Amino acid sequence: MRHWALFLLLAIGCNIWQIEAEFFTSIGQMTDLIYVEKDLVKSLKEYIKAEESKLTEIKSWAEKMDQLTHISTSDPEGYLGHPVNAYKLMKRLNTDWLKLENLVLQQTSDAFIANLSIQRENFPTDEDESGAAKALMRLQDTYRLDSESISKGKLPGAQHAAFLTVEDCFELGKIAYNDGDYYHTVLWMQQTLRQLEEGEPSVVTQAEALDYLSYSVYQMGDMHRAIELTKRLIAVDPTHLRAKSNLHYFKKLLLEEGQSDQRMDEEFYQSQSKKEVDMRPDNYISERDSYEALCRGEGIKMTTRRQSRLFCRYHNNNNHPRLIIAPIKEEDEWDSPHIVRYHEMLSDAEIEKIKEIAKPMLARATVRDPKTGVLTVANYRVSKSAWLADDEDPVVNRVNKRIADITGLEMETAELLQVANYGVGGQYEPHFDFSRKEEPDAFRELGTGNRLATLLNYMSDVPAGGATVFPDFGAAIYPKKGTSVFWYNLFKSGEGDYRTRHAACPVLVGSKWVSNKWIHERGQEFKRPCGLTEVD
């Protein structure tokens with residue numbers, strides 16, 4: 001705009017000098033200069049107006065972001081604990097700031113652009129934005145949330161208000177579509193249409209949403225509804241060529257199946273066009289259903305009779321010197337297999353120190369491939385972790401000694417303290433901590449035997465989600481900051497206890513911090529003697 005205006009000024013300026021040379025002696029002739037100047041002023045005002053419009057837009061964006069960052073920085077973990085906020089942060093940094101950059105580039109604001117270009121090296125990528133979107137959909141499935149509740153930010157335990165715009169919903173649907181996930185495409189394109197019909201202004205059109213929706217419904221096998229949605233698309237946009245082609249194709253498929261295309265009456269058509277699809281993909285297995293039900297607090301098999309066998313006590317581990325004066329509070333969480341919770345295991349100061357040490361070291365958590373034995377990332381484990389050695393800090397050493405005191409087990413052969421942080425939709429699907437017979441080389445390089453026991457420290461409260469669940473026997477253990485849970489992965493015979501298969505439920509709201517100690521067999525021979533039978 002600036003270069004165009006300068007060119008216009010120069011061009012008109014040349015004409016001024018020509019006119020002055022010819023007409024300065026005649027007032028009558030000089031009147032043309034008045035109109036030339038008037039045109040100059042008009043073009044100058046248009047230039048100023050265009051610049052002011054851009055500055056106003058930029059100022060509005062800056063004020064909005066100033067308010068937003070004031071809220072987000074006041075409680076970063078709490079703010080990002082709301083999955084909608086986490087997704088929108090990814091979207092803003094990956095998409096919206098790029099739009100602002102393009103706007104500012106038109107003004108050649110070199111200082112700002114240089115700074116933005118440097119900062120972009122730390123910005124999320126398309127993959128990060130896509131990952132955040134898929135995390136929202138994972139939460140939607142696990143906790144059976146409808147798209148509208150997520151869009152309006154109506155999540156249990158949420159402290160910060162958040163909502164999704166039409167564009168946000170549309171982008172979620174597109175990400176699902178590009179991933180071949182037609183189930184979620186349908187859900188989010190329906191929400192896009194719902195918000196458009198409610199009058200929310202948007203650059204996204206009904207035709208765009210219907211285009212994705214109709215084809216996704218067809219991919220899910222609902223031919224009649226695909227035809228009705230395609231007809232609706234054509235009604236909204238009669239020039240849509242692909243829609244006409246699709247309609248012809250869908251009708252042809254119906255005829256080949258021996259079905260007729262009977263038009264529904266208006267009332268039934270309206271109800272169908274807005275119907276929420278409520279079917280799950282075919283690849284859901286029973287364990288996943290059980291796991292997700294437990295995450296929602298359903299299917300927990302703790303009867304009144306079993307509860308009566310659970311107790312709380314002060315635990316000093318057979319008069320351990322460091323526990324005689326200050327015994328730990330021990331609570332039974334489950335009877336068989338026996339799972340206990342230790343209260344006041346970690347202080348707030350210890351937790352903050354461990355988090356402080358771990359944060360710079362956090363990297364995407366890995367799992368051991370059962371076939372190759374190689375550590376690799378996996379979609380079913382979504383978290384970041386770090387490993388802390390005893391000499392990392394006195395706090396780490398003190399915590400490890402405390403674990404040894406309380407469990408009565410040897411820590412020399414245990415793995416390092418692993419710290420993990422689960423963010424938006426963070427989870428670890430059902431897994432065993434110990435190695436099975438089909439993966440005999442899993443811990444061979446350590447030379448310390450199998451994972452005998454697990455101690456899990458909860459280093460944060462989680463407002464919603466994030467439970468540790470055991471699908472085999474229907475237990476759900478909820479995070480409570482400063483407490484730890486402990487169980488044995490192996491029987492005294494050394495055989496694996498397959499009942500201990502467990503999962504970390506997706507974090508719905510909040511940020512989940514944990515640290516765990518995997519205690520191995522070697523060195524425990526006299527601390528936990530072998531049993532006489534396989535299942536002792």
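The values are calculated or read from the model by the stated rules, or taken from the named source; none is laboratory data. These numbers come from a predicted model, not from an experiment. Cβ placement follows ideal geometry from the backbone for every residue including glycine, while neighbour counts extend to all protein chains displayed. The protein model used for the area step is the full one, side chains on, heavy atoms only, and it has no ligands, DNA or RNA in it. Shrake-Rupley method; radii C 1.70, N 1.55, O 1.52, S 1.80 Å.
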Pop out the ³J(HN,Hα) list for the stretch 345-352 in order, Karplus 6.51 cos²θ - 1.76 cosθ + 1.60 with θ = phi - 60°, rounded to Hz; leave Gly and Pro as x.
6, 10, 7, 4, 5, 5, 4, 5
Using label points projected 7 Å from each Cα along Cα→Cβ, tell me how many nm separate L68 and C530, to one decimal.
6.3
K437: which lysines have alpha carbons under 17 Å from its alpha carbon, excluding same-chain residues fewer than 8 sequence positions away?
K371, K492
Calculate the FRET efficiency for T304 and R144 from the Cβ-Cβ distance with a Förster distance of 22 Å, rounded to the nearest 0.05.
0.20
Ignoring everything but the protein chains, give the 1.4 Å probe accessible area of R436 in square angstrom, nearest 10.
40
Tell me, what HN-Hα J-couplings in whole Hz come from the Karplus equation 6.51 cos²θ - 1.76 cosθ + 1.60 at θ = phi - 60° for each residue of the stretch 242-250, using x for Gly and Pro?
5, 4, 5, 5, 5, 4, 4, 5, 4
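With a 1.4 Å probe and all protein chains in place, put R499, R451 in order of accessible area, largest first.
Most to least solvent-accessible, the answer reads R499, R451.
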Surface accessible to a 1.4 Å probe, per residue, for the residues of the stretch 149-196, Å²:
35
So who's got an amide H within less than 5 Å of the one on A464, skipping anything under 5 residues away but keeping other chains? H placed 1.01 Å off N, in plane.
L508, V509
Under-5 Å amide H pairs with L490, H placed in peptide plane, nonlocal only:
D497
Sort 400-410, 209-219, 153-163, 47-57 by packing, meaning the average of other beta carbons within 10 Å per residue, with the highest value first.
209-219, 400-410, 153-163, 47-57
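Suppose every Lys and Arg Cβ carries +1 and every Asp and Glu Cβ carries -1, with no other charges. What dipole size does the stretch 405-536 come out with about its Cα centre, to the nearest 20 debye?
400
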If amide H atoms are modeled at 1.01 Å from N in the peptide plane, then the residues at a separation of 5 or more from M220, or on another chain, having amide H under 5 Å from its own are none
Please give, to one decimal in nm, the separation of the simple spin-label points placed at M361 and Y314, each 7 Å out from Cα toward the Cβ.
3.5
Take the cross-link list K353/K517; K329/K517; K329/K359 and give me the ones stretching past 25 Å between alpha-carbons.
K329/K359
³J(HN,Hα), Karplus 6.51/-1.76/1.60, whole Hz, each residue of the stretch 131-143, x for Gly, Pro:
x, 5, 5, 5, 5, 4, 5, 5, 5, 4, 6, 4, 9
Carbon + sulfur, % of accessible area of the stretch 161-220 - ligands and nucleic acids excluded, 1.4 Å:
49
Under a 1.4 Å probe, counting only protein heavy atoms, E429 has an accessible area in Å², nearest 10, of 40
Which aspartates and glutamates, on any chain, are close to K251 with Cα under 17 Å apart, when same-chain ones fewer than 8 places away are left out?
D211, D222, E228, D261
Descending accessible area (1.4 Å probe), largest on the left, turns K244, K517, K353 into K244, K353, K517
